[in-house]
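Below you'll find the structure, written out as structure tokens, and then a few comments.
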Amino acid sequence: MGFTDVSRRALAAAALACVAVLPAAAQAQAGAQPQARPDEPPALPDGLPSPGAAPPPQNAAMSEGDLAMHAVRLNPGEHIVLDGTLANPAWQRAPVFDRFVEKDPEFGAKPLYETRVQILYDESALYVGVTAFDDQPGQIRAPLVRHDAVIRTQDFVVVYMDAIGKRQSAQFFRVGASGSIGDGMHTAADDNEDFSPDFDFDAASARNDHGYTSVFRIPFASLRFSSDARAGWRIMVARRLPRDQFYMWTSVPVPLDAPAFISAMQPLQGITLPDKHSFLTLRPSITAKHASTTEPGVATHAADGFQGSLDAKWRPLPELVVDGTLKPDFSQVELDVPQLSGNTSFALDLAEKRPFFFEASDLLRSPTDAIYTRSFTAPRWGLRSTWRGAALAGTAFAIDDKGGGLTLLPYAYGTGTAVQPGSRSLVARVDADVDDDGKFEVGGIAASRQYEDGRGENGVVGPDVAWQLAGWRLRGQWLHSRTTAQPDQDGSLARGAQTLGDSTVLTAYRQGERLQVDFYAAQISPGFRNDTGFVNQVGVRELDAHQGIVFRQLGPLNEFWFNLFETRTTDRRSGDVVQAYVTPGISLGAASNTSWSLQCRGHSQLRVAAGGPLLAEHYWKSELTTTPATWIPLLDFTVSLGRMADYLADTVRPGGQVNLAVQTRPFGPIELNPSLWAAWLRRDGRLTYRETASQLLGVWHIDARQNLRLIVQRSTYDRKAESNVSADRESGLTTSLTYALRRSMGTVLYVGATRSHSGIGAQNIARGTEAFVKLQVDVDEVRSAFGS
């Protein structure tokens, strides 16, 4: 049996695993949990709720019952108006939870100001009300920001929801004191917070003399829960307060040695699930475009067109969600951040921004980037099924892709590319709990990509495990690949000889109160290739390690770290060192959101090509992040200086790299964010290589739902000729202006124009312009607007 047969059967089994458990799951009904019905407390002025029971001492141990939050059902006819206030009388029936504890900057300290949480629900949604007291309301930082730009430099509250109850992943919902919102997924396996997924929810905030209040409306249709009555819901609420110190307070203590931030989420009790679990969401969109391109020596080409698309989401059961997309418009209405690539041998990845891939983004995360959805360049259609149960979760999708991008061709010393043909792909990921507490998980991945016109295929299959043991977070993965789509002399893929390969990865991580340790070990054979993942180096053995020890509350410093980083990567065929370094460093955190680090690359070696010399780098690297003023909420600066590798010339030269990004608010509704990336190398005292990428992002926030965004992005590359290196010069400029109106997650309007040019010299300039209008609507919202 060939690998193709194996991969197809694995994919089919993974996809049908969900279906196999549906009948049993359909028979299980959610049990009603006991609801807390405290006496109605009197109201404070301005509709603020009265406090609940006094919190215990900060160092007192609290049981699960002490930490539980309780939800109360709205009475028939009661309706919560989302104006940010808690003035509705229904809030007076909701019990108050106010036992918050400080996480940053001093774990376990009593918060400066009180924070209260109350929860209501009806047949369709959960309502979370937060009262954020502040004795200095005039210092609340509440700028309007774009969606998903609610960050630590602003006053905000965030709700983490795990309706499965495993504390392995959580949806999070943020709202700032200004009413700006953001959301995403937090995954415990790598303690990663991903803002890419967007969920249907709404929130509002209202300022008052006591601070501010916020109200979230989170539809049950947006939450992924199980009908198994044993699956208890989990919640955690956190509050950010930026002053001289940037405080974070959480509704449950998150120990310094917790394996993940969401490991300590508390029970949410009192929820009775609605009888109707199913829903169908239809979101058609239409895009009108006018584009023209002019290439040197070629007549101008202009094109006008309309493109309609449809995105659908269907949940027939609480655990099962089916997504479909037809002729999707996956255009990027926001430019990707430019990256320097002129002095590196390895491909760089980009974050996913396309909605079709968001439903199970946390499930796709494995010990490696085995599934990289940006490898699908221009899908014609896609179909996806996702199952989330109390003990089993999985997703499987099919993609018909037009191609047109690049297929990565990795090797030990860099990453080659080939033009990507059209393809059809099947991908599946399954994850199952072995024990009841979710500390030992077994999963697997299978992917098969068949290229059009008989150009061959690539397939990958293999298991992975995750284990939380005595404070350690251990993960491992083995993948096997089979490839018949090989590069030809024209830089394209064509059917060729079969190659096989394997990739084995082991990771270990431990976060203690004083010590942090993590290890990464990988062995990847030369023939391994994963065209549906992100793999930019193969044929190597790699070992990475990091040890850090921290001292907290050290004089004016919140924390002070001593770090040691080590890596050793060798060529499996020759045994030669590809890269090796031992890097000591220090880092610190202080007031004003300040963090600073310094590393010494005094012992750093790398080899650019097989059989080439082992280059010895010697340079210093420093990073600074701070909030220097309220009108400069964030400044990021990174600089590296010393003797650095010149990949093209295969030698070491004096040089440096600088990254600078600044967020500014010169006026209330105006946001200006300039950024600059630059790298250079010198030969005989003169520049032999220079590359820059700069971007100016300007946003006029008309209100919390609409903005006008300007992006000006410029890149330059200049390489001087020398022995075995050809001279090269490039330059590019792109300007984009976009108006965005986000009525909800499902109804959005974009109107914009983009102009770009690239090349050097008047006779070698390529130009392009594009104007577009994109409208997406949610069918249910349209029906509601017309009263049907």
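The values are calculated or read from the model by the stated rules, or taken from the named source; none is laboratory data. These numbers were taken from a predicted model, which means no experiment stands behind them. Please note: Cβ atoms are built from the backbone with ideal geometry, for glycine as well, and neighbour counts cover all protein chains shown. The accessibility values were calculated without ligands, DNA or RNA, using every heavy atom of the protein model including side chains. Shrake-Rupley method; radii C 1.70, N 1.55, O 1.52, S 1.80 Å.
In region 60-137, a dipole from Cβ-located charges (positive for Lys and Arg, negative for Asp and Glu) runs towards its positive end, and of W91, V81, V101 it is W91 whose Cα lies farthest in that direction.
As a fraction of the 1.4 Å probe accessible area of region 263-380, surface on carbon and sulfur atoms comes out at 58 percent. For region 345-455, the solvent-accessible area works out to 36 Å² per residue, with a probe of 1.4 Å and every protein chain left in place.
In the context of the full set of protein chains, region 656-755 has a per residue accessible area of 51 Å² (1.4 Å probe). Farthest towards the positive end of the charge dipole of the chain, among the residues V465, V72, L564, is the Cα of L564, using unit charges on the Cβ of Lys, Arg, Asp and Glu.
Take the solvent-accessible surface of the protein heavy atoms, probe 1.4 Å, and return the percent of it on region 449-585 that carbon and sulfur atoms account for. Write down the numbers at each step before the final one.
Numbers: 3520 of 6290 Å².
Answer for region 449-585 is 56 percent, counting heavy atoms of protein chains only.
With all protein chains present, how much of the accessible area of region 93-223 (probe radius 1.4 Å) comes from carbon and sulfur, to the nearest whole percent? On region 93-223, the fraction of accessible area on carbon and sulfur atoms equals 43 percent. Under the rule a/c < 1.5 gives rounded, and otherwise a/b versus b/c splits prolate from oblate, where does region 471-621 land using the Cα gyration tensor? It comes out prolate by the Cα gyration axes. In this simple spin-label model, placing a label point 7 Å from the Cα along the Cα-to-Cβ direction at both D148 and A545 gives a separation of 3.7 nm. Using only side-chain charges placed at the Cβ, +1 for Lys and Arg and -1 for Asp and Glu, the dipole size of the chain relative to its Cα centre rounds to 1180 debye. Look at the Cα gyration tensor of the chain: its axes a ≥ b ≥ c give a/c under 1.5, and that counts as rounded. Radius of gyration over Kirkwood radius for region 384-437, both on Cα atoms: the Rg/Rh ratio is 1.21. Normalised by the number of residues in the chain, the mean separation of alpha-carbon contacts (under 8 Å, six or more apart) gives a relative contact order of 9 percent.
Round to the nearest 0.05 the FRET efficiency obtained for V779 and W467 when R0 = 45 Å and r is the Cβ-Cβ distance. Given R0 = 45 Å and the Cβ-Cβ separation, E is 0.50. Using a simple spin-label model with pseudo-atoms 7 Å out from Cα toward Cβ, Q307 and L733 lie 2.8 nm apart. Our coupling estimate for region 86-99, obtained by passing each phi through the Karplus curve with A = 6.51, B = -1.76, C = 1.60 and θ = phi - 60°, is 10, 7, 4, x, 4, 5, 6, 8, 7, x, 9, 10, 9, 8 Hz, Gly and Pro reported as x.
Taking every C-alpha pair closer than 8 Å and separated by at least 6 residues, the mean separation divided by the residue count of region 384-487 gives a relative contact order of 19 percent. The angle between the Cα long axis of helix 3-20 and the longest principal axis of the Cα atoms of the chain comes to about 10 degrees, rounded to the nearest 10.
For the pair Q136 and R514, a Förster radius of 30 Å applied to the C-beta separation gives a FRET efficiency near 0.30, rounded to the nearest 0.05. The eigenvalues of the Cα gyration tensor, multiplied by 5 and square-rooted, give region 333-393 an equivalent ellipsoid with semi-axes of 27, 16, 10 Å from largest to smallest.
Going 7 Å from the Cα of E64 in the Cα-to-Cβ direction, what parts of region 229-253 have a backbone nitrogen less than 15 Å from that spot? Residues 229-235 fall inside that zone.
Sorting K276, K166 by solvent-accessible area of protein heavy atoms yields K276, K166, largest first, with a 1.4 Å probe.
Placing unit charges on the Cβ atoms of the charged side chains and taking the dipole of the chain about its Cα centre, the candidate lying farthest along the positive direction among Q168, G548, Y739 is Y739.
R0 = 41 Å: FRET efficiency of V434 with E106, Cβ-based, nearest 0.05? Using R0 = 41 Å, I get an efficiency of 0.65. The label-point distance for T630 and Q553, in a model that sets each label 7 Å from Cα toward Cβ, rounds to 2.9 nm.
Are any of the pairs K276/K353; K353/K402; K276/K439; K313/K353; K166/K353 more than 23 Å apart by Cα-Cα distance, and if so, which? Show your work: numbers first, answer last.
On the way: K276/K353 31 Å; K353/K402 18 Å; K276/K439 32 Å; K313/K353 18 Å; K166/K353 27 Å.
Among K276/K353; K353/K402; K276/K439; K313/K353; K166/K353, the Cα-Cα distance tops 23 Å for K276/K353; K276/K439; K166/K353.
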